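Novice: Can you read through this structure? Questions will come right after.
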Amino acid sequence: MGAWTDMAFILVVVLDLFLLASSRLGAAIRAVALQGAMLSVLALLLTSSGHSLRHVLVVAGGAFLIKAVLIPWLMFRAIREMAIRREMEPLVGYVPSMILGGVGVVLSFAFSRGLPLPTNEMHPFLVPTALATVWTGLLLVVSRRKAVTQVLGFLVLENGVFVFGLLLTEFMPVMVEAGVLLDLLAAVFVMGIVMFQINREFASLDTDALSSLRD
Amino acid sequence: MRISRAACFVKVQGTVFLGNARSAEAEGAHEAPAAMRTPMAALAVACVAIGLSAWALLPALARGAAAWSGLPLQALLPAAEEAGRTMGVVAGGAVVLVGTVAALWFLRRRLGGGVAAMTWGCGYAFPTPRMAYTGSSFAQILVRGFGWVLFPRIRLAPPRGPFPKGARFSTEPREAVLDLALLPAVRDYAAATSRVRGLIAGRLHLQALLVLATLVAMLAWRAVRG
Amino acid sequence: MVLRAFFQIGLLLLLPPLLLGVTNRVKSLFAGRKGPPVLQLYSDLWKLLRKGAVYSRTTTWVFRAGPVVGLAAVLTAGTMLPVAGQPALLAFPGDFVLFAYLLALARFATALAALDTGSSFEGMGAAREVSFSSMAEPALFLVLVVMARATGSLSLSGMLGPALAPAWRAAAPALLLSAIALFVVALAENSRIPVDDPNTHLELTMIHEVMVLDHSGPDLAFILYGASVKLFLFGALLVRLLADVSVGGIWAAEAAFVLELLGFAILVGIVESVMARLRLTRVPQMLVGASVLSVFALVLLLR
């Protein structure tokens, strides 16, 4: 059981690194979906006697439905509608962003033990994985040009927050978590609509073009 | 590191010594006289000898170190002997390598001999120095791939039109810390200080004012600190 | 003991061409062809060894020394690799550094020989080979460091010896990640498909093959044989790291080792069949990715 949990955490981090390296949008969306699925698996794996089973099942099932099925489906629909396949050369190249991601992973594993946290009984990989995933999401949002990839970055960021939330499942009521998930869904909807609008107006999703808007 | 270093040596040696001469001056290059080469060869032979006989030299070195530092010999000798044994195996590895090279070289001499011909390759019928592969081209992938830390200075003049007169490509990686951060900072600091010095030098009243200002500042500091 | 030493040397000398034969057979099966016999490379080598050689007038002794030094270096590296959990013929603390340096020496000799011809294509190939392997190198070293740290041994014989099984129980994720990184490095170092295509016939797209265009006859035989030995070395490293079979006696373990190596050859063939070659600009990304993966493995091990 412990080894499987280890592997699940490590897979989440490896998916982070993969996302920083991938230029194909389809592969990146699949990676985000797989990461979402891993999160729901993690929620189940981390269940201890202190948790109410119903609560965990709701969180895991909700995360799986929204993060691994619904949002990826929406994203695939979006890139099909807008006929884009690849990210263009990002502001920060793939190699530097991968190295930055690696640095983030190293730092989060090195420093996570010094953080003051409400509980001490947690998996040793939980906090570093959460920090590394948040860092990856930030990198993606900041350094990529296409709006689709920026949305993916936001999703990864949110995945990191979710991992962090696993630490607090005992303290957080179900309604709060459900609210967070729905919030995310609404955000992706809004971004999807914005993306459609950008695409229709400018025939491109390059967000750099937005800064040259004039009256 | 290992291969980057190897890449560096391949670049230097390959473009300086191998292939066709890159320029007319290089065409006339010749070997240095024996008097210049012998000392180098002697040093190289000494290096190889020390490397191969480290197992014998290290215990003696440990005795010398013990005598010089005053540490008890028992503290140094076992470690030196251990390292010496390892070095013996390493020397064995070197012997295996040299032996294999010699055996293969011998085998190669016994096998089919060579016919002289032109270098094989597209468009290599009449090689000129302009066609030769340059060090900048050799390093291009690495220099471009790590351009975000090397900050290379790239000069590119691509060939234009039919029968181009000339084209040029050179990359020159710069020392990121020294050339781009430290030296400009030092230069700016030097410029700023020399300007200040020029302002003050020779003007007694300005210097007196400076001394006074310093004293006042120290007094104020003292007052604030209480 | 002497018998086993002879067996190890025999394995190192005789098995490598078979691995390439198996890989090529798998590739042709995937392509729906019958393919060359598994033992084809042995015949090729024998044929080449009996032929004469052609040397360019531009070349010097450096060109002739290239294949010899390259082959000698990989063979010497082979004496440091333990076979089936038994200590290698040559083992000392830190020998993994020498192992890596010998592989670099082989590449150095080949690249110099390529530049010695003066051909721009071969210079380009040498530049690519050296650049890519200098990006693969941090990954290789980090993998070796992970193995050293996990087993507490500084010698390849110790890393891949009896200490490996407890290391797997203690640090399986780190070792698994470094095995993946090692496989990527093995593909890159042996110029297999996602990085280089050993079958390509266009100079502009070649990496390793273009460096040896001017070699012929026995020299080419040395180079082909050296390349297969190198594949054998990486295969042995990976196979030992992943599948630590020490069932039965020593000889059963040796037989299992050979079978695992053939499995490695089949795996390489499958990868070559199902993957397309990466664009040249994507290759550094893959290699840096392997390095980052092994850094992650090291971090997992150190915390």
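The values are calculated or read from the model by the stated rules, or taken from the named source; none is laboratory data. Computed from a predicted structure; not experimentally measured. We place every Cβ from the backbone using ideal geometry, glycine too, and count neighbours over all the protein chains shown.
Novice: Filter the range C:158-183 down to the residues that are surrounded by 24 or more Cβ atoms within 10 Å (Cβ to Cβ) and among the small types (Gly, Ala, Ser), then identify the one that is modelled with the lowest pLDDT.
Specialist: C:ALA174
Novice: Also, quick follow-up: Sort out which residues of the range A:37-83 are touching a helix residue (DSSP H, G or I) at 6+ places or on another chain (Cβ under 7 Å) and outside any helix (DSSP H, G or I), and write them in order of number.
Specialist: Once the filter is applied, which keeps residues that are touching a helix residue (DSSP H, G or I) at 6+ places or on another chain (Cβ under 7 Å) and outside any helix (DSSP H, G or I), the range A:37-83 yields A:LEU46, A:THR47.
Novice: Taking C:SER228, is it among the hydroxyl-bearing types (Ser, Thr, Tyr) and within 30 Å of C:PHE63 (Cα to Cα)?
Specialist: Details: among the hydroxyl-bearing types (Ser, Thr, Tyr): yes; within 30 Å of C:PHE63 (Cα to Cα): yes.
Spelling it out, C:SER228 is indeed among the hydroxyl-bearing types (Ser, Thr, Tyr) and within 30 Å of C:PHE63 (Cα to Cα).
Novice: If you don't mind, there's one more thing I want to ask. So which of B:LEU57, B:LEU104 ends up being of a type in the set (A, V, I, L, M), free of Cβ contacts under 8 Å to residues at least 60 places away in the same chain and closer than 21 Å to C:VAL74 by Cβ?
Specialist: Numbers: B:LEU57 fails: closer than 21 Å to C:VAL74 by Cβ.
None of the others qualify; the one that does is B:LEU104.
Novice: Among the candidates C:ALA100, C:ALA5, C:ALA88, which residue alone is at pLDDT below 85, within 14 Å of chain B (Cβ to nearest Cβ) and not in a loop (DSSP other than H, G, I, E, B)?
Specialist: Details: C:ALA100 fails: at pLDDT below 85; C:ALA88 fails: not in a loop (DSSP other than H, G, I, E, B).
One residue alone meets the criteria, C:ALA5.
Novice: I've got another one for you. Among the residues that make up the range C:137-154, is at least one of them in a helix (DSSP H, G or I), of a type in the set (Gly, Ala, Ser), within 14 Å of chain B (Cβ to nearest Cβ) and under 19 Å from C:VAL97 (Cα atoms)? Steps first, answer last, please.
Specialist: Filtering the range C:137-154 for residues in a helix (DSSP H, G or I) gives C:137-151.
If we keep only those that are of a type in the set (Gly, Ala, Ser) too, we end up with C:139, C:148, C:150.
Pick out the ones that are also within 14 Å of chain B (Cβ to nearest Cβ) and you get C:139.
Restricting the remaining residues to those that are under 19 Å from C:VAL97 (Cα atoms) gives C:139.
Within the range C:137-154 (the criterion being in a helix (DSSP H, G or I), of a type in the set (Gly, Ala, Ser), within 14 Å of chain B (Cβ to nearest Cβ) and under 19 Å from C:VAL97 (Cα atoms)), the answer is yes, since at least one residue qualifies.
Novice: State the number of residues belonging to the range A:6-33 that are small (Gly, Ala, Ser) and outside any helix (DSSP H, G or I).
Specialist: Residues in the range A:6-33 being small (Gly, Ala, Ser) and outside any helix (DSSP H, G or I): 2 in total.
Novice: Would you confirm whether or not the range B:169-181 contains a residue that is polar (S, T, N, Q), surrounded by 11 or more Cβ atoms within 10 Å (Cβ to Cβ) and within 21 Å of C:MET211 (Cα to Cα)?
Specialist: So in the range B:169-181, the residues polar (S, T, N, Q) come out as B:170-171.
Within this subset, residues satisfying the condition of being surrounded by 11 or more Cβ atoms within 10 Å (Cβ to Cβ) are B:170-171.
With the extra rule that they be within 21 Å of C:MET211 (Cα to Cα), the set shrinks to none.
For the range B:169-181, residues polar (S, T, N, Q), surrounded by 11 or more Cβ atoms within 10 Å (Cβ to Cβ) and within 21 Å of C:MET211 (Cα to Cα): absent.
Novice: Here are some conditions: (1) more than 29 Å from C:GLU260 (Cα to Cα); (2) away from chain B (no Cβ under 14 Å). C:ARG25 meets all but one. Which one does it not meet?
Specialist: Just one mismatch for C:ARG25, condition (1).
Novice: For the range A:100-149, what are the residues that are out of contact with any strand residue (DSSP E or B) (no Cβ under 8 Å at 6 or more places or on another chain), more than 25 Å from C:PRO173 (Cα to Cα) and surrounded by 21 or more Cβ atoms within 10 Å (Cβ to Cβ)?
Specialist: Within the range A:100-149, A:LEU139, A:LEU140, A:ARG144, A:ALA147, A:VAL148, A:THR149 meet the criteria.
Novice: State all residues of the range B:119-145 that are without any contact (Cβ under 8 Å) to a residue 12 or more places away in the chain and either surrounded by 18 or more Cβ atoms within 10 Å (Cβ to Cβ) or facing chain C (nearest Cβ under 7 Å) (or both); if no residue qualifies, say none.
Specialist: Those that are without any contact (Cβ under 8 Å) to a residue 12 or more places away in the chain and either surrounded by 18 or more Cβ atoms within 10 Å (Cβ to Cβ) or facing chain C (nearest Cβ under 7 Å) (or both): B:THR119, B:TRP120, B:GLY121, B:CYS122, B:TYR124, B:ILE141, B:GLY145.
Novice: Separate question: Hey, among the residues in the range C:60-73 that are of a type in the set (Val, Ile, Thr) and surrounded by fewer than 21 Cβ atoms within 10 Å (Cβ to Cβ), which one's farthest from the chain's Cα centre (by Cα)? Give the steps one after another, and end with the answer.
Specialist: Start the filter on the range C:60-73 by keeping residues that are of a type in the set (Val, Ile, Thr), which leaves C:60, C:62, C:68-69.
Restricting the remaining residues to those that are surrounded by fewer than 21 Cβ atoms within 10 Å (Cβ to Cβ) gives C:60, C:62.
On the way: C:THR60: 28, C:VAL62: 24 Å.
Only one residue fits best here, namely C:THR60.
Novice: Only one of (1) part of a helix (DSSP H, G or I); (2) of a type in the set (Ser, Thr, Tyr); (3) in contact with a helix residue (DSSP H, G or I) (Cβ under 9 Å, 6 or more places away or on another chain) fails for B:TYR189. Which number is that?
Specialist: (3)
Novice: Still on this model: Do any helices (runs of 4 or more DSSP H) entirely within the range A:114-215 hold 2 or more residues that are touching a helix residue (DSSP H, G or I) at 6+ places or on another chain (Cβ under 6 Å) and at pLDDT 85 or above, and if so, which?
Specialist: On the way: elements: A:126-143, A:147-166, A:174-202.
Helices (runs of 4 or more DSSP H) meeting the threshold: A:126-143, A:147-166.
Every residue, every condition in (1) of a type outside the set (S, T, N, Q); (2) part of a helix (DSSP H, G or I); (3) over 19 Å from C:ALA127 (Cβ atoms), yes or no:
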{"site": "C:LEU213", "(1), (2), (3)": "yes, no, no"}
{"site": "C:ALA255", "(1), (2), (3)": "yes, yes, yes"}
{"site": "C:GLY263", "(1), (2), (3)": "yes, yes, yes"}
{"site": "C:SER273", "(1), (2), (3)": "no, yes, yes"}
{"site": "C:SER294", "(1), (2), (3)": "no, yes, yes"}
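Novice: Restricting attention to the range B:104-117, does a residue exist that is at positive phi and either at the interface with another protein chain (Cβ under 8 Å from one of its Cβ atoms) or in contact with an Asp or Glu (Cβ under 7 Å, 6 or more places away or on another chain) (or both)? Spell out how you get there, then give the answer.
Specialist: Going residue by residue through the range B:104-117, those that are at positive phi are none.
No: zero hits.
Novice: Among the residues of the range C:184-208, what is the count of those that are of a type outside the set (Ser, Thr, Tyr) and crowded, with 20+ Cβ neighbours inside 10 Å?
Specialist: Let us first name the residues in the range C:184-208 that are of a type outside the set (Ser, Thr, Tyr), namely C:184-190, C:192-199, C:201-204, C:206-208.
Cutting the leftovers down to crowded, with 20+ Cβ neighbours inside 10 Å gives us C:184-190, C:192-193, C:195-196, C:206-208.
Of the residues in the range C:184-208, 14 are of a type outside the set (Ser, Thr, Tyr) and crowded, with 20+ Cβ neighbours inside 10 Å.
Novice: Also, I was wondering about something else. Any chance you could count how many residues in the range A:1-58 are within 14 Å of chain C (Cβ to nearest Cβ) and either in contact with a Cys (Cβ under 7 Å, 6 or more places away or on another chain) or charged (D, E, K, R) (or both)?
Specialist: Total meeting the criteria: 3.
Novice: Shifting gears a bit: Given C:PRO218, C:PRO194, which one is over 10 Å from the mean Cα position of the chain (by Cα) and either more than 14 Å from chain B (Cβ to nearest Cβ) or of a type in the set (S, T, N, Q) (or both)? Working first, answer last.
Specialist: Working: C:PRO218 fails: either more than 14 Å from chain B (Cβ to nearest Cβ) or of a type in the set (S, T, N, Q) (or both).
Result: C:PRO194 is the single residue among C:PRO218, C:PRO194 that is over 10 Å from the mean Cα position of the chain (by Cα) and either more than 14 Å from chain B (Cβ to nearest Cβ) or of a type in the set (S, T, N, Q) (or both).
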